[in-house]
Amino acid sequence: MRWWTGAWVLAAVLALAACGSSDGGGRASGSPSGSPTTGPASGTPAPPSPAPSSSAPPPSSTASASAASPSPSATGCVAGLTRVTVEPGDPVQRRLCVRPGTVISLVLRPRVDDKRWTDVRSSAPVFVVVTGWRVDADGTAHATLRSAGTRGGSARVTAPAKAPDVAGAARVAFTLDVTVSPYPRGG
């Protein structure tokens, strides 16, 4: 992984963490029920946050207002960079609304059965295209998805998995339904 890719991913995670639940509940990295998480992505509970002091700026002002933060005018749609993490036991299907040009970092954690992630496919590459794929040694799979630059539409992104020693095709183990919603035009 190039250093700048890691820096963008880190900036996106920090910006999304700093935003809290101010985006209207359409968070991509929330809990399986769709509500925003309050702890780190590892599943451990977060320590209680201290009361802000008058000498330190509030946590949300320390993150830069970059393309990684969701658009304030977008109700439920994410813009810029976003990360979707799939843990074992999470629902096998999720919905995500994004703005044009959004980059989605899809992280598929290792499965508890002996099946392994094989690849990621998009049903409509004109709306959402897979631009990167890799599997770590521990079985965690990483996919990079990019939404269309100006067009609106929807695509179904599927992640098949299969046991490496079993013949036959891999079966879909996770589905991400992505809707690309264009910005409203003023006029």
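The values are calculated or read from the model by the stated rules, or taken from the named source; none is laboratory data. This one's a predicted model, so the numbers in the text were calculated from it and none came from an experiment. Positions of Cβ are generated from backbone atoms using ideal geometry, with glycine treated the same way; all protein chains shown enter the neighbour counts. The protein model used for the area step is the full one, side chains on, heavy atoms only, and it has no ligands, DNA or RNA in it. Shrake-Rupley method; radii C 1.70, N 1.55, O 1.52, S 1.80 Å.
Checking Ala148 against (1) within 14 Å of Val103 (Cβ to Cβ); (2) modelled with pLDDT of 95 or more, only one condition comes out false. Which one?
Unmet for Ala148, out of (1) within 14 Å of Val103 (Cβ to Cβ); (2) modelled with pLDDT of 95 or more: (2).
Just one of Ala46, Ala74 is open to solvent by less than 20 Å² (accessible area, probe 1.4 Å), modelled with pLDDT under 85 and assigned to a loop (DSSP other than H, G, I, E, B); which is it?
Ala74
Can you tell me which residues in the range 151-187 are among the aliphatic types (A, V, I, L, M), in contact with a strand residue (DSSP E or B) (Cβ under 8 Å, 6 or more places away or on another chain), open to solvent by 40 Å² or more (accessible area, probe 1.4 Å) and assigned to a loop (DSSP other than H, G, I, E, B)?
Hit for the range 151-187 is Ala169, nothing else.
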